[in-house]
Structures are given as C-alpha cells and as structure tokens.
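Scroll down for the structure; my scribbles are underneath it.
The values are calculated or read from the model by the stated rules, or taken from the named source; none is laboratory data. This one's a predicted model, so the numbers in the text were calculated from it and none came from an experiment. Here the Cβ positions follow ideal geometry from the backbone for every residue, glycine too, while neighbour counts run over all protein chains shown. Each accessible area value is taken on the protein alone, full model and side chains, heavy atoms only, with ligands, DNA and RNA left out. Shrake-Rupley method; radii C 1.70, N 1.55, O 1.52, S 1.80 Å.
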Amino acid sequence: MEKKSGFIWNTAGSFVYSLLNAILLIFCTRLNGTEIAGIFSISYATGCILNAIGDMGIRIYQVTDTNRKYSFSDYFFSRCLAVILMLAVAVIFVIASGYTNEKLFICFILILIRVIDNFSETFQAEFQLRR
Amino acid sequence: MDKKIKVSIIVPVYKVEKYLRRSMDSLVNQTLDGVEIICINDGSPDNCLQILKEYKEKYTDKNIVIIDKKNEGVWKGRFDGIRAATGEYITFTDSDDYVTLDYAEKLYNAAKKDNSDISVSGFYRVDTDTEHIYSTEMTGFEGKKIDMNVNPEEILSINTALWNKLYKAELLKNMKNLENPPRILDDMMFLLLVYLNTKTITFINDPLYYYMVRQDSIMGQIKKEQIESTERAMVDIKHIYEQDEQGKKMLEVIDVMAFLHFGISLMFRMSSDKENFKQVLKDNREYLNKEFPKWRKSKYLNITYSLKHKGANLKVAIVKKVYVLHLYKAFLAVYKWILNTFKIDIKW
C-alpha cells in the first residue's frame, strides 16, 4: 500500500515539475510581454545547461551508497564544490555574453534557483537513504 | 662543575658549517645558569668538528660536550645525546637554526612552574638568506594545558618538530626506541614515542626559536625505500601504543597523525614526481586504510569540530574532505598553480 501511494506521489511530482517551466513562462509572458519572456527563456535554458555541472551525478552515487562508505558531510562537501564550480562557470558565461544589467540579473536569479535545487537534491537523497 | 645542570641542549650537527656559529653563539649566551650543550657531530665531512672544538676551548665555563661519531643518522645521534645528558630537563635544537637568549630560561621556568613534563614555546619561520620572517607560529596557546588523561587529542595542534620544546630528562631517558628508525618524518615519530609517557604539557606565548627555511627548498627526491622504512616505523609505533595503557586511549589520535603526515604532508612532497604520483597516491591510500583506518571517521578531522575548537585546523579538515573524495591530486595542482601564479605563501 505504501509503495503504491509513493508511486502516485512520485508521478504527480514529476508531472508538476515538468509543467513548471511552461507555467512560469505563461505567467511571465502574460504579465510582462514577449520581450521579457524571451529573456526569461534564454536565462532558464542557461540555468538548465549549467545545472549539469552543479548536479555532477552525485545523487546517483549517494542513493546507491547503502553501506555508507562516505558520510553525508562528504556528499554535502562535494555538492558544495560542484556548485562553486557551477557558479564560477556562470560568472564567466554572463560576463562573456555582454548582457545588459537587467538580463544579467534575471539570468543570475534563475541560476541561483538551480543552486538551491542542487542542494535540495543532496538532502533528498539522504532522506531517501534513511527511509 | 659544582653547579647543578638545569637544561641540557642537544644539537645534532651535520654539514652545517655555514650556520653553525650563529647557532652556537645563541646557545652559549643563554641567560639561564646551568646549561649544558651537547653537540653530536654525526660524521660531518666539513669543518663542523673544528668549529665545535673552537667553541669548547673558548667557553670553558659553558659545559660544552662534543660527541664525535661516525655517521649513523640523526635518530641514533639524539639517543646518544640523551644518554650523555645530565640536566634536569632536555631540549633539542637544529644546528642551522638559532634561539633567543632566554629560550632555555623561559621554557625551564614554565615547565617548573606547572611541574610539566613538556613545555612548548612559539617559533618564527624565517628565510635563511633574507632573514625575512614568514610567520610566527605556535603562539596563542598560553594558559592552555594538556593533560594526557583528559584531552590527549590536543597534541594534534602542536607542531611536530622536536625543537621549541623542553622535556623532563627522565621522560626521554625512559622512552622507547625503535629498532628500525624511520628515514623521514623522524621528528614526528620521536615525538609520538615521547608523548606515550607524557602526563602534562604547558605552553608559553613567546616565540623563542628561529626556524630557518630555504625558499628554493627542494626537499630532494624521496626514495621508495625511505617511504617503506618510514611506513613500517609508523606501524611499529602503533603496536607500541596498542600495548600501553595510556597509549590505548590514543589510538585514534595516532591514526589521525598518520593521515596528516603520510596522507597530506608526505604526498604533497611526493607530488613533484609527476610520473609515478598516481600510483604513489593509490599505495598511500591503501596503506592508510589498512593500518590506520580510524582517520576516516575521526571527529578530530571534522569541519564542525575544527570550527568549535581553537587550535584545530580548518584548512586541514577541508583538505581531508578533498582527500576522501579522491580529489587530492587535482587539489594539489590547483594549489600549486595558485601559489606560483600569485606568489603567496599559505600558512598551515
């Protein structure tokens, strides 16, 4: 029974998450017009690309480490390193792109959302392991 | 020689004629009465022995003892010095370094005051050629006392050189020896053997010792046999600790010490050998995991522990994480690049 409800929740969660981008974009376009929506889209896409660095595939290692070879703090530390690397690349990218201040700000905020996302991954994986 | 000898200073001498006079001058002029200077000429091929004899003739009232022997390495030389020492306390200095004139006096008074087995002073790290002081270390511990029954882990924050410390003579005379002394890291291991019988350690704030370093210091290629002999010696020390009542409580500290010196410091020195470094690092990891497994989970290397305890080193705790995550090689590359590019000196 527990497995079944877990499955439903998991599917629902994935569904909402994949809708998130579309919903945000709809709101953005309706409220601000197409130009801002364009900036939003390119920034969101940048965040997605950089997310690959911040993600590093750490979660896969973490949830399969059932013998606890590495401690939570080791994973957290490696996540910090990955995120620092991600932010460094983000700074280089944003500077090199020559964006206007407004564009730069939006881009950075959306990258920061990815950072939070990455940290939450580490904790989620830990809870998944403990369960 | 009716005066009671309070402090015996043991100076191993080998190939240091350029610096020996500076060192000896600082020793013969010590403000403390009753100092004995035991120089161990370890078969030095240069003029060191002549210089020592010259000092002995010039300062007849200063109790200079010269032990001239064939080259056997500094480890055996130190034990010869300890056997010859007649003082109440013993200290070591290196013959290319020098000390302040109140070195013996302050350390002696501090040890006497608390009836401590060991007293530790601060020291300066100085450039040999320019006399530029890079850093002042081991200060700020004044008032701190280590009771080996209560907080033995605190020894991890003490520098592992034998100088800048004064030892009760009986402590050294009764200490255990190693059959096969290590070829490198010998100071650290000697000190571990001393700590085994130590009860209390006191600290003084003043830097009293000038530790000379060379900027272009190429530590020389470390040979494989040297590492192996040193690794065996460290295991021997662990066995000695395992058979001792006080030592049993300190096994985690030994493991952490092994990690700090073999895992971090020695690997840093080995990293210049780019060809074999990967293999060396792998062997090193296996050695540590097999012989000293407790370092991995030790709380003394935790970032949170190092934030809460003064004296514990946050940088070391971070490097430990890097090592655990198999990123030490990459870390060293970045670290060395930063040092070379920005010409900065990072204090450890």
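Computed values, structure above
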item	result
Members of the stretch B:124-169 that are aliphatic (A, V, I, L, M) and either free of Cβ contacts under 8 Å to residues at least 40 places away in the same chain or surrounded by fewer than 14 Cβ atoms within 10 Å (Cβ to Cβ) (or both)	B:Ile133, B:Val150
Lone unmet requirement of (1) surrounded by 13 or more Cβ atoms within 10 Å (Cβ to Cβ); (2) modelled with pLDDT under 90; (3) not acidic (Asp, Glu) for B:Phe259	(2)
Single condition A:Leu104 does not satisfy, out of (1) touching a Lys or Arg at 6+ places or on another chain (Cβ under 8 Å); (2) surrounded by fewer than 18 Cβ atoms within 10 Å (Cβ to Cβ)	(1)
Set B:Phe277, B:Phe259: member being in contact with a Phe, Trp or Tyr (Cβ under 8 Å, 6 or more places away or on another chain) and either hydrophobic (A, V, I, L, M, F, W, C) or within 14 Å of chain A (Cβ to nearest Cβ) (or both)	B:Phe259
Residues that are over 15 Å from the mean Cα position of the chain (by Cα) and either crowded, with 17+ Cβ neighbours inside 10 Å or among the polar types (S, T, N, Q) (or both), drawn from the stretch B:182-200	B:Leu196, B:Asn197, B:Thr198, B:Thr200
Test: residue in the stretch A:13-21 that is more than 18 Å from the chain's Cα centre (by Cα) and either in a helix (DSSP H, G or I) or touching a residue at least 24 places away in the same chain (Cβ under 8 Å) (or both)	no
All helices (runs of 4 or more DSSP H) inside the stretch B:1-90 with 2 or more residues being touching a residue at least 60 places away in the same chain (Cβ under 8 Å) and open to solvent by less than 30 Å² (accessible area, probe 1.4 Å)	B:17-28, B:74-84
Every residue from the stretch B:280-299 that is within 14 Å of chain A (Cβ to nearest Cβ) and open to solvent by less than 40 Å² (accessible area, probe 1.4 Å)	B:Arg285, B:Trp295, B:Ser298
Single residue of the stretch B:320-335 satisfying the filter (open to solvent by 40 Å² or more (accessible area, probe 1.4 Å) and not hydrophobic (A, V, I, L, M, F, W, C)) that is nearest to the other protein chains (Cβ to nearest Cβ)	B:His326
In the stretch A:47-93, the residues that are within 10 Å of chain B (Cβ to nearest Cβ), of a type in the set (S, T, N, Q) and buried (at least 16 other Cβ atoms within 10 Å of the Cβ)	A:Ser78
Test: residue in the stretch A:66-80 that is modelled with pLDDT of 90 or more and in contact with a Gly (Cβ under 9 Å, 6 or more places away or on another chain)	yes
Residues satisfying the stated conditions in the stretch A:9-41, i.e. under 23 Å from A:Val83 (Cβ atoms) and open to solvent by 80 Å² or more (accessible area, probe 1.4 Å)	A:Tyr17
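Yes or no, residue by residue, for (1) assigned to a helix (DSSP H, G or I); (2) modelled with pLDDT of 90 or more:
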| position | (1), (2) |
| --- | --- |
| B:Gln226 | yes, no |
| B:Asp236 | yes, yes |
| B:Glu252 | yes, yes |
| B:Ser265 | yes, no |
| B:Glu275 | no, no |
| B:Asn284 | yes, yes |
| B:Lys297 | no, no |
| B:Tyr305 | yes, no |
| B:Gly311 | no, no |
